[in-house]
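See structure below.
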Amino acid sequence: MNQFKLKAVAAIIPCLFFVNSAAAESFSLGASVIYAQSPYRGGQDRYLPVPIVNYEGENFWFRSLQGGYYLWKDPQNQLSLTLLGSPQQYDPGENDLGDMKGLDKRRMTLMGGATYSHMAEWGILRTTLLGDVLNNSNGIIWDLTYLYRFQFGDFSLTPGVGAMWNSANQNRYYYGVSSHESARTGIDRYQPDDSWSPYVELSASYQIAPQWNASLVGRYTRFDSEIKDSPMIDKSGQTTLWTGISYTF
């Protein structure tokens with residue numbers, strides 16, 4: 001497995017790429033590539049192929065690595081129970097630095113919770129609250145985003161700003177260094193608290209043909225000091241890009 005995959009999604013995936021829609025039932029297939037910058041010392045940036053499998057129904061929805069069940073859905077508001085496969089992990093066997101190779105592995109997990117979106121003339125508000133349901137990190141994340149969509153015929157542009165909150169357990173699992181890890185590797189012990197990391201994002205979409213769509217999404221996250229000060233981390237922020245093409249049946 002890759003040492004680092006799609007930091008955010010949790011970040012991120014619920015927040016980066018698709019806005020909930022109250023449209024009629026639809027099904028899309030496609031292909032995409034994600035560029036994910038590694039925040040870890042000795043980590044390698046990754047280009048990851050990800051299939052696009054999107055389904056929007058009256059009660060259920062599915063978007064690549066996440067899915068959910070609508071509790072409330074109308075043209076302005078959508079509230080759903082959400083499950084997200086969070087691919088964030090750390091594999092010491094794939095790190096280039098000797099001391100980082102001695103750290104424990106951080107595993108991928110499954111996050112569950114709720115997502116709410118409100119759409120109005122002044123923009124889109126979206127918030128997601130998720131917790132680890134596999135007891136790997138026992139962490140919680142909360143994402144809050146504001147977006148505004150500009151439509152130019154078949155081309156749309158949607159800038160956004162937001163912030164991601166990580167609980168202390170989430171940060172300690174993915175960025176902390178325990179006492180036994182410190183003794184084994186010489187890396188300073190580190191136990192972060194909870195954090196707020198702000199971000200900016202921009203998505204562009206072009207309707208190539210009635211059933212074909214191309215998209216590009218980018219996000220830059222500025223790490224909170226609780227993450228940035230970890231001896232595992234050597235960056236002050238992270239860039240993630242996703243580009244893909246899909247066909248709607």
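The values are calculated or read from the model by the stated rules, or taken from the named source; none is laboratory data. Here the structure is a predicted model, which means the values were calculated and not measured. Reconstructed Cβ throughout: ideal geometry from the backbone, glycine too, with neighbour counts over all protein chains shown. Note: accessible area is taken over every heavy atom of the protein model, side chains too, but ligands, DNA and RNA are not part of it. Shrake-Rupley method; radii C 1.70, N 1.55, O 1.52, S 1.80 Å.
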Worksheet item: Taking the Cβ-Cβ separation of Ala204 and Ser225 as r and a Förster radius of 35 Å, what is the calculated FRET efficiency to the nearest 0.05?
Response: 0.65
Discussion item. Given the whole protein assembly as supplied and a 1.4 Å probe, what does the accessible area of Trp196 come to in Å², nearest 10?
Written reply: 110
Worksheet item: Which of Thr158, Thr115, Thr128 moves most in a GNM of the chain, Cα contacts under 10 Å?
Response: Thr158
Practice prompt. Name the residue, out of Trp122, Trp142, Trp165, whose mean-square fluctuation peaks in a Gaussian network model built on the chain with Cα pairs under 10 Å.
Written response: Trp122
Discussion item. Normalised by the empirical 2.2 N^0.38 Å for globular proteins, what value does the Cα Rg of segment 185-249 take?
Written reply: 1.70
Worksheet item: Check Gly176: other-chain or 5+ apart residues with amide H under 5 Å from its amide H, H built from backbone geometry?
Response: none
Response to the item:
Of the listed links Lys73/Lys235; Lys73/Lys228; Lys105/Lys235, those spanning more than 30 angstrom between alpha carbons are Lys73/Lys235; Lys73/Lys228
Worksheet item: Who wins for biggest fluctuation among Gly85, Gly68, Gly186 in a Gaussian network model of the chain, springs between alpha carbons below 10 Å?
Response: Gly186
Worksheet item: To the nearest 0.05, what FRET efficiency results for Phe27 and Ala183 with a Förster distance of 30 Å applied to their C-beta separation?
Response: 0.05
Discussion item. Placing +1 on the Cβ of each Lys and Arg and -1 on the Cβ of each Asp and Glu in the chain, which of Pro87, Gly98, Val217 has its Cα farthest towards the positive end of the resulting dipole?
Written reply: Gly98
Worksheet item: What does the helix-only formula give at 222 nm for the chain: each DSSP H stretch with n ≥ 4 adding -39500 (n - 2.57), the total divided by the residues, and the result rounded to the nearest 500 deg cm²/dmol?
Response: -2000 deg cm²/dmol
Worksheet item: Just one of [x] 8, 33, 38, 20, 1; [y] 7, 29, 34, 21, 8, 1; [z] 7, 31, 36, 18, 7, 1, 0 is P(r) over Cα pairs in 10 Å bins from 0, in percent as worked out from the coordinates here. Which one is it?
Response: [z]
Discussion item. For Leu110, what accessible surface area do you get with a 1.4 Å probe? Give it in Å², rounded to 10.
Written reply: 60
Worksheet entry | Linear extension gain, Ala120 paired with Glu58, 0.36 nm per residue minus alpha-carbon span | 20.3 nm
